[in-house]
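Single-structure report; data block below.
Coordinate-derived values only; no laboratory data. All values reported here derive from a predicted model rather than from experimental measurement. Because the Cβ atoms are built from the backbone with ideal geometry, glycine has one as well, and the counts that use them run over all protein chains shown.
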Amino acid sequence: MRQSQLFTHTLKESPKDEVSLNAQLLIRGGYIYKEMAGVYSFLPLGLRVLNKIEGIIREEMNAIGGTEMRTSVFQNKEVWEKSNRWDDNIVNNWFKTKLKNGTEVGLSFTNEEAYSNILKQYINSYKDLPVYPYDFKTIFRNEARSKSGIFRSREFYWKALYSFSKDETEHNEFYEKAKQAYQNIFKRAGIGDLTYLTFASGGSFSKFSHEFQTLTEAGEDIIYVDEKKGIAVNKEVNTDEVLKDLGLNKKNLVEKKAVEVGNIFSLGTKFSDPFDLKYTNKEGKEELVVMGSYGIGLGRLMGTIVEVLADDRGIIWPETVAPYKVHLIDLRKKQDDKLYQILQNDKIEVIYDDREISAGIKLKDADLIGIPYRLVLSDKLGDKVELKMRNEDNIKVYSIEEVIEILKK
């Protein structure tokens, strides 16, 4: 990408109506555009980051047996009435509308009923289980107040996987695999050291559910962390009984603010029962399918990465999710694209700042945008190239050949 052809541009000032750091930096850097409170469009740079995050999640879900599909956004009223969650007194954040023929429909706010209704058509025998379908889709929630930038939006993009198992044993085996897969995702996304497996209420289906909480002062949750054991408990379950059960000592727990970047739940038969989602076991007896739910908000994860890794100059993207690996800046009076073409030929993702503007603006923009590697060409360097990593202060000078070898590694 040539930066002169990128229709977006950076902003000097943060939007006055945004108080969250993640939204301020993403808007200023040209990653997102605010349509209205709680609704953002992802611009070209932002979409590239979102796609990188999606790719990581997809790889980890496929590795544990997930099967990708795509469920519809429009939701059938009759399907949701079966679980009693069409009622606004039960679920108060529906977006509902009517088709021209008068049929009332909802816009997806979650997916349990949708998957149960679909899977009922395909699960009959124990031979059909287990299955682990998932999808990426836009979700709508009619929040009374949207805040914290892309942490909590009225329209957001997520991944949800639902497990369908024969019994609790089979469910629990997959649940542990999903737990590890989620830890892999956050590690690969660059926030693994700041993200804790957090025990939360399991409701009536299991002793615990599990949240993945990333430490940040911008977070809305309070967790209590055992830093040596690398686990935490949510404020709602921080009781003597729970701590004893988990082998935790209250004296070793540190109170922290955090944002929930993912969660996994055991659902038991709550959503298979209303749909009569059953299978015939080896003995010919009908059994209800046991379910689990595994969700991640991709925009929230993106915002969290910005929030916890940024410095006073701007965003710092981990290489795994950065829109480009290299930000090439040409400060020479007579620019040419020789190095740009070399990087492209070597399959190194690069955005090339070929704009005819001052050196100071180019360098400030590079810090704000946050690409991992910055390469600078200038007349004083001659045939050499200046290399600086965004998360470091030291600058080194190399030949073009040396730079290419470093980037390839």
Out of 201, 378, 259 - ranked by how far each Cα lies towards the positive end of the dipole of the chain, with unit charges on the beta-carbon of charged residues - the top one is 378
Region 143-218 and region 335-388 have their Cα centres apart by a whole-number Å value of 38 Å
For the modelled label position 7 Å from the Cα of residue 47 along Cα-to-Cβ, which residues of region 1-23 have backbone nitrogen atoms closer than 13 Å?
-> 7-8
So which of 12/257; 166/285; 137/159 end up more than 18 Å apart by C-alpha?
-> 12/257
Which length gain, in nm to one decimal place, applies between residue 125 and residue 383 when the Cα-Cα distance is subtracted from 0.36 nm times their residue separation?
-> 86.0 nm
Three-way shape call for the chain based on the alpha-carbon gyration tensor, with the a/c threshold at 1.5 = prolate
Counting other Cβ atoms within 10 Å, which trypsin sites (Lys or Arg not before Pro) in region 345-383 have at most 11 and lie in a DSSP loop?
-> 347
To the nearest 20 debye, region 149-275 has a Cα-centred charge dipole, built from +1 on Lys and Arg Cβ and -1 on Asp and Glu Cβ, of 300 debye
What does the charge dipole of region 243-337 about its Cα centre add up to, to the nearest 20 debye, if the Cβ of each Lys and Arg holds +1 and the Cβ of each Asp and Glu holds -1?
-> 360 debye
Simple Cβ-charge dipole of the chain, Lys/Arg +1 and Asp/Glu -1, about Cα centre, in debye nearest 20 | 700 debye
Region 94-125: chymotrypsin sites (Phe, Trp or Tyr not before Pro) in DSSP loop, at most 15 other beta carbons within 10 Å = 122
Among 255, 60, what is the fewest-to-most ranking by other Cβ atoms within 10 Å?
-> 255, 60
What list of ³J(HN,Hα) couplings, whole Hz, do you get for region 336-352 from phi and the Karplus terms 6.51, -1.76, 1.60, once you set θ to phi - 60° and write x for glycine and proline?
-> 9, 9, 4, 5, 4, 5, 4, 4, 5, 5, 8, 6, 9, 5, 9, 10, 10
So for the pair residue 72, residue 193, with labels modelled 7 Å out along Cα→Cβ, what separation do we get in nm?
-> 4.8 nm
Neighbour-count order for 72, 108, 153, fewest beta carbons within 10 angstrom listed first = 72, 108, 153
Taking 326-334, 211-219, 42-50 and ranking on average Cβ neighbours within 10 Å, highest first, one gets 211-219, 42-50, 326-334
Which residues' amide hydrogens lie under 5 Å from the amide hydrogen of residue 111, considering only partners 5 or more residues apart or on another chain, with H built in the peptide plane?
-> none
Phi-based couplings in Hz for region 312-328 (Karplus 6.51, -1.76, 1.60; Gly and Pro marked x) = 6, 9, x, 7, 10, 8, x, 4, 5, 10, 4, x, 9, 7, 10, 10, 9
Which FRET efficiency value, to the nearest 0.05, is calculated for residue 236 and residue 409 with the Förster distance at 30 angstrom and r the Cβ-Cβ distance?
-> 0.05
Enumerate by residue number the trypsin sites (Lys or Arg not before Pro) in region 241-330 meeting two conditions: DSSP loop (anything except H, G, I, E, B), and at most 14 other Cβ atoms within 10 Å of the site's Cβ.
-> 282, 285, 313
Under 28 Å from the Cα of residue 408, which lysines turn up, not counting those fewer than eight places away in the same chain?
-> 52, 187, 325, 334, 338, 347, 362, 364, 380, 384, 388, 396
Radius 12 Å from Cβ of residue 35, net charge of other residues (Lys, Arg +1; Asp, Glu -1) | +1
Per-residue ³J(HN,Hα) for region 224-233, Karplus 6.51 cos²θ - 1.76 cosθ + 1.60, θ = phi - 60°, Hz, x for Gly and Pro | 10, 9, 9, 5, 6, 7, x, 10, 9, 10
Quick note on 405, 319, 307, ordering by fewest other C-beta atoms within 10 Å, gives 405, 319, 307
Long-range amide H partners of residue 131 with built H, under 5 Å = 164
